[in-house]
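To start, the structure itself, in structure tokens.
Where a number appears in this text, it was derived from the coordinates with a stated rule and is not lab data. Quick caveat: nothing in here was measured; it's all calculated off a predicted structure. Every residue, glycine among them, receives a Cβ derived from its backbone with ideal geometry; neighbour counts consider all protein chains shown.
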Amino acid sequence: MSDNNGQIKKMMIILSKASLENVYAAFVLANGARMEGIQAEIFFTFFGLEAIHKDKLEHLHTATVGNPAMHIPTLIGGLPGMEAFATSMMKKEMEKLDIPGVKEFLEIMNASGVKLWACRLAMDMFHYKKEDMIDELDGVLTVGDFYKQGSGEGTHMLFI
Amino acid sequence: MTPRHWEVIDYLQKEWKSETPLSIRRIGKSGVVDIKEFYALFPEGPLKISSKIAGIPKPASCI
């Protein structure tokens, strides 16, 4: 029988998207876990890879189309410049709350012991090389490797 | 607890007295301790444990 009392020991977070709000959700959850003494690892797959791509991570946007919570008509959200405008608004608000930018957040997570993994298949699909990714990357893994990383009691997996 | 732990605790108490909001990010930039060492000193949750030892309220921060 297991002697784990339901305590969360490790958070395995899979990030498959690169819109700013999704990236921050993953980062805050991983960093917040470490702050509580919980282990955390992030697996960047598909578009999530943009968040660890050297040339792309500073240019992530929030989506203004297909998001009812933006409370602007979809047609207006699609106008040129709307995405950039919404993104700069969001970044301004985050700065006020002392939330770091994407690059700094990755450095903080690395220093905090969050493991950062890139998905092998998605890397091949997008023709990315390990050198294209941030230096803080811990490695490129297959799904099987990632599951192995998550083995043990009290591990939770989260798909974003 | 080593002298290094106490240096950090001392810093936290000073910051709290001057009503500076504490966050991992700000502590990392303080020059007193970097984030990596802060985690190494208090692996069970740096801000949570250190603020408890310092006798100050746990900062209500998600970052």
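The order of A:Phe43, A:Phe126, A:Phe27, A:Phe146, going from fewest to most other C-beta atoms within 10 Å of their C-beta, is A:Phe126, A:Phe146, A:Phe27, A:Phe43. Residues whose amide H falls under 5 Å from that of A:Met11, counting only those 5 or more places apart or on a different chain, are A:Gln39, A:Ala40, A:Glu41, A:His156, with hydrogens built in the peptide plane.
Each of A:Cys119, B:Cys62 has some number of other Cβ atoms within 10 Å of its Cβ, and from fewest to most they run B:Cys62, A:Cys119. Couplings 3J(HN,Hα) for the range B:6-14, derived from phi with the Karplus relation 6.51 cos²θ - 1.76 cosθ + 1.60 (θ = phi - 60°), are 5, 4, 5, 4, 4, 4, 4, 5, 5 Hz, where x marks Gly and Pro.
Computed from backbone phi with θ = phi - 60° and the Karplus coefficients 6.51, -1.76 and 1.60, the 3J(HN,Hα) list for the range A:26-41 is 5, 5, 5, 5, 5, 5, x, 5, 4, 4, 9, x, 9, 5, 8, 9 Hz; x is used for glycine and proline. As a proxy for reagent exposure, ranking B:Thr20, B:Thr2 by other Cβ atoms within 10 Å from fewest up yields B:Thr2, B:Thr20. Backbone phi angles across the range A:9-14, fed through the Karplus curve with coefficients 6.51, -1.76 and 1.60 (θ = phi - 60°), yield HN-Hα couplings of 10, 8, 10, 10, 10, 9 Hz in residue order; Gly and Pro are listed as x.
Close amide H pairs (under 5 Å, H built 1.01 Å from N) link A:Gly150 with no residue at least 5 positions away or on another chain.
If you plug the beta carbon distance of A:Leu79 and A:Glu21 into 1/(1 + (r/R0)^6) with R0 = 30 Å, you get a FRET efficiency near 0.90. Bridges between two residues of the range A:37-160, per DSSP, are antiparallel at a rate of about 10%. Seen from all directions on average, the range A:1-100 presents a Cα convex hull projection of 8.8 nm².
Each label was represented as a point 7 Å from its Cα along the Cα-to-Cβ direction; for B:Lys14 and B:Glu44 these points are 2.7 nm apart.
Note on the range B:3-54: semi-axes of the ellipsoid equivalent to its C-alpha gyration tensor, largest first and rounded to whole Å, are 15, 12, 10.
Note on the protein assembly as shown: with charges restricted to the Cβ of Lys and Arg (+1) and Asp and Glu (-1), its dipole about the Cα centre is near 320 debye. Cα extents for the protein assembly as shown along the principal axes, largest to smallest and rounded to whole angstrom: 57, 46, 36. Each label was represented as a point 7 Å from its Cα along the Cα-to-Cβ direction; for A:Ser151 and A:Glu36 these points are 2.6 nm apart.
Per residue, the protein assembly as shown reaches -12500 deg cm²/dmol at 222 nm when only DSSP H runs of four or more residues are counted, each adding -39500 (n - 2.57).
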